[in-house]
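For reference, the structure discussed in these notes is given below.
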Amino acid sequence: MNWRFILRPRCTSLMVSVVIHGILVVLMAGFMIVGGKKPSVVDVQIIRPESVHLQREFPKLATSATVNTSSFSTPAIRSDAPLQASSRIAAANADSFWSKRSSEIAEFTGDRSNGNDGDRSQATGNASFFGVPANGNRFVYVVDCSRSMQGSRWQKARAELIRSLHELESDSKFMIVFFSDECQPMPAGELQLATEENVALASEWIRSARLGWGTKPLASVQLAHLQDPDAIFFLTDGEFTDRTAAFLREENSSRGPAMVNVHTIAFHSREGIKLLKRIARENSGQFRYVSADEVIAAPPVKKVVR
């Protein structure tokens, strides 16, 4: 038997086995070395974001609303038998001086009531408006012309106003101030003698007066009070929330016996009756409710003396 040929393959196989196992041992050792290392520590820093400041500026809110009446243009509301327009009578428009704030009205008209104490001391006449009587010879009519007065209310109120003017003595003085969300006095802007001509001109202006929108009587009442009248007739068909009542109370409390009597009329509506009663009580006036079915006498017709 030739042992040399038998041992050669066995040696070769052994050598291959040794090499392979050696490689495996090296690889396993390498894995063990690598796997045995501790993982490196990673420091994580938590950064909190700084406060974010918004750069956007929000618009400031308006503290008060301004009514632009130019967008509310409406045709004149006339009575059944309107007079022709006179060149001497022009209804106050929304852009006129009289639509300004009451403080500006007071500044402009404050000197007009000076020297009127003599007229008040000789107060011997009388007037009536919707059955409410008043003594004296200086009268101011403050009448609601808000949108709720449209229709028969507006016609009846103007008819009674014209009738009342025609009943005044010629030596009495009168002034008319309509109110809505604006103050709308008659064009003269102050008390006028109740002559036939002045009453006719005032009646013509009353018939051409336009209705407004809201119910804010304060400026009109302030203007009326500045005329130093013996009495104010105050007519409205709704509620109002401005300082009218407080103004009248404060002004009259400082006048003592010379206080201005304020007569209040709730017209075709029971809204605001409680407040109107209080205003009359606090200002030595009378209160009256006028219902919708009450018949209003037609105003007399007088010719203008030229």
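Taken together, the values in this text are just the output of simple stated rules run on the coordinates, not laboratory data. Bear in mind that the values here come from a model prediction, so they are computed numbers and not experimental data. Every residue, glycine as well, gets a Cβ built from its backbone with ideal geometry; the counts of neighbours run over all protein chains shown.
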Please order K173, K156, K277 by the number of other Cβ within 10 Å, starting at the fewest.
K277, K156, K173
Cα-based Lys proximity count in region 138-306, under 25 Å, for pairs eight or more positions apart or on separate chains:
10
Region 151-306: relative contact order from alpha carbon pairs under 8 Å, six or more residues apart, as a whole percent, is 25
Could you list V132, V262 so that the one with the fewest beta carbons within 10 Å of its beta carbon is first and the one with the most is last?
V132, V262
With θ set to phi - 60° and the Karplus curve 6.51 cos²θ - 1.76 cosθ + 1.60, what are the ³J(HN,Hα) couplings of region 219-234 in order, to the nearest whole Hz, using x for Gly and Pro?
4, 5, 5, 4, 5, 4, 5, 5, 6, 6, x, 7, 8, 10, 9, 10
Tell me the volume per residue, in Å³, of the convex hull enclosing the alpha carbons of region 169-260.
100
Expected sort for H166, H268, H21 with the fewest Cβ neighbours (10 Å cutoff) up front is H21, H166, H268
With the label point 7 Å along the Cα-to-beta-carbon line of R255 and a cut-off under 17 Å to each amide N, the hits in region 168-193 are 173-177, 190-192
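Evaluate E = 1/(1 + (r/R0)^6) for S170 and E190, where r is the Cβ-Cβ distance and R0 equals 22 Å; express this FRET efficiency to the nearest 0.05.
So, using R0 = 22 Å, E works out to roughly 0.80.
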Euclidean distance between Cα centres, region 275-290 to region 252-270, Å
6
For E169, list long-range residues whose amide hydrogen, built 1.01 Å from N in the peptide plane, is under 5 Å from its own amide hydrogen.
N126
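If you restrict to DSSP beta bridges whose two residues both lie in region 138-306, what percentage is antiparallel, to the nearest 5?
Antiparallel: roughly 20 percent of the beta bridges in region 138-306.
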Quick one: if you stick a label point 7 Å off each Cα along the C-beta vector at Y289 and W213, how many nm between them?
3.1
